[in-house]
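Here is the structure we will look at.
Quick note: the coordinates plus some simple rules give every number you see, no bench work behind them. Just so we're clear, the structure is a prediction, and the values are computed from it rather than from any experiment. Cβ sites come from the backbone with ideal geometry, for glycine too, and all protein chains shown count toward neighbours.
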Amino acid sequence: MNQLIRSEQTFTVRRPTLINESVPVPVVEAEPGPFSLPPGRVALVIIDMQRDFLLPGGFGETLGNDVSQLAVVVPPLQRVLAAARSAGMMIIHTREGHRPDLSDLPPAKHRRGKPSLRIGDPGPYGRILVRGEYGHDIIDELQPEPGEMVIDKPGKGSFYGTDLDEILTTAGITSLIVTGVTTEVCVHTTVREANDRGYEVLVLSDCVGSYFPEFQRVGLDMIAAQGGIFGWVADSAALLQQLAAPATTAA
Ligand code: C5J
């Protein structure tokens, strides 16, 4: 009986946006095909552009990573953020991190790898990936403005352990433009979670970054492969062109 009830569980299925022919819809040239920006239904998601991951001498670097690989994302992402703000788009910033008592840090995540510093340890920019610490916060160049949503997440995905889905659903958002770091970890996990929840997801290739060039290339290829198995991929220029241009009516 319980099983039956479980199998009859109801889910909220996100319906494709009904396009009103009279309302112009900008369309971004993307892989594997055009990506629509239905007015008022698109949010920009900026994942984990935190000092702990990006700053020289920070946690990311103590793991042996080359943080310059992530720094290249900042200028194009600043341009996209400015354009999204001008367009009145909903903007979501996420931060990976944990409560100061680490009660939301699974031991399996805490123990992982052989880092010289672990989550919660005192690091160059405060306790590593702990909420409220300087290193946990977003880099100066991309600081949220008042009214922009900041989602604190304990995991790699932006939906696990957060109210992001409720926030987007309440706002009527059906499409996400995803940016941030790292491409193969928190960006990928978020894109896959969003895709399963029925969002249409565009990833901006020059606004996501990986410490590993090979992961960056393959990570992007995987999203748009097989006809867009997880979503769409375009560069920021293609999006900016549409945000700046007068909209055209979708076919
Ligand atoms: C990682 C992230 N790589 N934001 N976090 O641990 O991708």
* Structure fact -> Whole-Å distance linking the alpha carbon centroid of region 214-243 with that of region 151-188 is 17
* Those aspartates and glutamates that a straight Cα-Cα span of less than 14 Å connects to Lys153, excepting residues fewer than 8 apart in one chain -> Asp48, Glu96, Asp104, Asp137, Asp163, Asp165, Glu193
* Starting with the highest mean, order 186-199, 138-151 by the number of other Cβ atoms within 10 Å, averaged over the residues of each peptide. => 186-199, 138-151
* To do: Tabulate in residue order the Karplus-calculated ³J(HN,Hα) for region 47-55, using 6.51 cos²θ - 1.76 cosθ + 1.60 with θ = phi - 60°, rounded to whole Hz; enter x for Gly and Pro.
  => 9, 6, 7, 9, 4, 4, 8, 9, 7
* **Stokes-Einstein D in µm²/s, Kirkwood radius over Cα pairs - region 100-215 at 25 °C with 0.890 mPa s viscosity** => 154
* **Rounded to the nearest 20 debye, dipole of the chain from Cβ charges on Lys, Arg, Asp, Glu** => 500
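Arrange Thr62, Thr174, Thr94 by Cβ neighbour counts within 10 Å, fewest through most, would you? Provide the component values of the computation, followed by the final result.
Details: Thr62 16, Thr174 20, Thr94 24.
With the fewest neighbours first, Thr62, Thr174, Thr94 line up as Thr62, Thr174, Thr94.
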* Structure fact -> Ranked by GNM mean-square fluctuation in the chain (Cα springs under 10 Å), the top entry among Ile177, Ile128, Ile167 is Ile167
* Isotropic mean projected area of the C-alpha convex hull, the chain (nm²) -> 15.2
